[in-house]
Amino acid sequence: MRTLSGIQPTGNLHLGNYLGAIRNWVRMQDEMEGEKLYFLADLHAITVHNDPAELAANTREMAAALMAAGIDPAKAILFNQARVPAHAELAWLLFCTARIGWLNRMTQFKEKSGKNREGASVGLYAYPVLQAADVLLYQTTHVPVGDDQKQHLELARDIATKFNLDTGTETFTLPEPTIPAAAARIMSLRDGNAKMSKSDPSDASRINLVDDADTIMAKIRKAKTDAEPLPSEAAGLEGRPEARNLVAIYAAMADESVDAVLARFAGQGFGAFKPALGDLLVETLRPIATRLGALKADPAAIDAALEDGAARATALARPTLDAAYAALGLCR
Ligand code: ATP
Ligand code: MG
């Protein structure tokens with residue numbers, strides 16, 4: 001068994017990243033057999049963001065944030081993608097396996113490129129293939145991700161299957177997504193139909209893990225809702241995306257079912273629910289922010305952890321990269 005997942009070192013870790021992905025990374029780190037690899041996807045970040053000084057700082061900052069959230073470099077292999085060239089190397093080989101028609105179906109490219117599709121980078125278009133390389137490079141079996149990455153993981157499986165078939169080899173293992181049953185897709189606080197995202201220009205749309213108590217309370221107070229009181233069970237949230245999102249956040253943070261939360265708040269309006277949700281978020285996120293402050297005081301320790309992680313990842317990647325070159329008849 002091998003577990004792998006990544007996150008783009010752009011902006012701050014937000015509640016969607018935490019509940020959809022990172023909290024699962026920590027649980028799997030502590031509970032699963034086999035190696036766990038968690039990486040900062042800096043090669044993915046350059047598909048859109050371009051301030052070099054900011055990217056370098058964000059990479060360290062995100063590594064520290066992951067450690068503050070519970071990733072332990074002694075238990076998991078923590079590294080940044082750019083330090084392990086095998087990712088970019090395997091991506092090229094897989095570009096030649098992936099089909100243009102497959103990439104044309106990726107909904108995230110359509111969302112991220114928006115109206116300016118012709119002006120988007122080739123990297124943004126092709127990034128699911130690099131993501132397939134990230135996963136396949138390590139014979140990964142389990143990939144803890146949020147629901148938005150499901151389609152990309154299916155693409156990775158298609159690429160692996162075609163590569164194995166085309167070359168008559170068993171070069172790659174087919175990975176399985178591990179998507180949390182609850183909170184797999186946390187929505188924006190401003191729009192219950194849009195995913196909470198680092199790249200949303202409005203900071204009020206998300207709770208960042210480093211937001212202070214006043215900011216969290218203010219963002220929850222201003223979060224979009226409707227005028228109805230809360231129902232007594234989950235079915236009553238149908239057609240109320242903002243209400244459903246806030247209740248889902250409460251349930252996930254408290255590790256309770258949506259029905260259990262609603263049993264407590266049934267009949268109450270958001271005037272009562274929002275302060276309770278705000279308090280819960282402040283209390284649960286405070287220890288992470290405190291640990292992050294301490295970790296950031298020692299940037300040399302973060303760099304040392306990333307360097308060590310990259311060396312271990314490079315060694316683990318080697319046999320698969322060699323096998324992929326050999327399967328294609330490439331001499332090196
Ligand atoms: P960007 O907008 O730059 O793509 P992001 O917020 O989507 O940033 P990523 O680095 O792309 O963050 O994703 C990191 C992990 O967080 C992935 O596993 C992804 O599925 C998960 N994730 C991202 N947003 C959400 C969300 N709103 N709810 C649940 N999981 C999420
Ligand atoms: Mg994303």
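The values are calculated or read from the model by the stated rules, or taken from the named source; none is laboratory data. Only a predicted model underlies this, so the values are computations on that prediction, with no experimental measurement involved. Heads up, the Cβs are rebuilt from the backbone with ideal geometry, glycines too, and the neighbour counts pull from every protein chain shown. The area values use the complete protein model at the heavy-atom level, side chains included, leaving out ligands, DNA and RNA. Shrake-Rupley method; radii C 1.70, N 1.55, O 1.52, S 1.80 Å.
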Test: residue in the range 81-103 that is among the hydrophobic types (A, V, I, L, M, F, W, C) and either within 16 Å of ligand 2 (Cβ to nearest atom) or in a strand (DSSP E or B) (or both): no
Residue ID - modelled with the lowest pLDDT, chosen from residues in the range 195-219 that are within 12 Å of ligand 1 (Cβ to nearest atom) and loosely packed, with under 15 Cβ neighbours inside 10 Å: Ser199
Residue list for the range 146-199, filter: outside any loop (DSSP other than H, G, I, E, B), under 16 Å from the mean Cα position of the chain (by Cα) and of a type in the set (Val, Ile, Thr): Thr178
Verdict on Thr10 being open to solvent by 60 Å² or more (accessible area, probe 1.4 Å) and in contact with a helix residue (DSSP H, G or I) (Cβ under 8 Å, 6 or more places away or on another chain): no
Qualifying residue in the range 294-302 (condition: outside any helix (DSSP H, G or I), open to solvent by 60 Å² or more (accessible area, probe 1.4 Å) and modelled with pLDDT under 95): yes
Among the candidates Gly271, Gly236, residue that is free of Cβ contacts under 8 Å to residues at least 40 places away in the same chain and open to solvent by less than 60 Å² (accessible area, probe 1.4 Å): Gly236
Qualifying position, being more than 13 Å from ligand 1 (Cβ to nearest atom) and open to solvent by less than 40 Å² (accessible area, probe 1.4 Å), among Gly20, Gly70: Gly70
Flag for Glu89 being open to solvent by 10 Å² or more (accessible area, probe 1.4 Å), closer than 26 Å to Ala323 by Cβ and not small (Gly, Ala, Ser): yes
The listed residue being touching a strand residue (DSSP E or B) at 6+ places or on another chain (Cβ under 8 Å), more than 24 Å from Arg185 (Cβ to Cβ) and open to solvent by 40 Å² or more (accessible area, probe 1.4 Å), out of Arg332, Arg312, Arg286: Arg312
Test for Met187: is it touching a Pro at 6+ places or on another chain (Cβ under 7 Å) and surrounded by 20 or more Cβ atoms within 10 Å (Cβ to Cβ): yes
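A quick yes/no check of all residues on (1) within 11 Å of ligand 2 (Cβ to nearest atom); (2) under 12 Å from Ile71 (Cβ atoms):
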site: Ile7; (1), (2): yes, yes
site: Leu13; (1), (2): no, yes
site: Gly20; (1), (2): yes, no
site: Arg23; (1), (2): no, yes
site: Arg27; (1), (2): no, yes
site: Gly34; (1), (2): no, no
site: Tyr38; (1), (2): no, yes
site: Asp42; (1), (2): no, no
Unmet criterion (only one of (1) surrounded by 21 or more Cβ atoms within 10 Å (Cβ to Cβ); (2) in contact (Cβ under 8 Å) with a residue 40 or more places away in the chain) for Ala45: (2)
Filter result (more than 25 Å from Pro287 (Cα to Cα) and either of a type in the set (Val, Ile, Thr) or in contact with a Lys or Arg (Cβ under 8 Å, 6 or more places away or on another chain) (or both)) within the range 241-269: Glu242
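Residue-by-condition table, conditions (1) within 13 Å of ligand 1 (Cβ to nearest atom); (2) open to solvent by 70 Å² or more (accessible area, probe 1.4 Å):
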| residue | (1), (2) |
| --- | --- |
| Lys112 | yes, yes |
| Val122 | no, yes |
| Gln149 | yes, no |
| Lys162 | no, no |
| Phe172 | no, no |
| Pro177 | yes, no |
Filter pass, Glu118 being acidic (Asp, Glu), more than 14 Å from ligand 1 (Cβ to nearest atom) and in a helix (DSSP H, G or I): yes
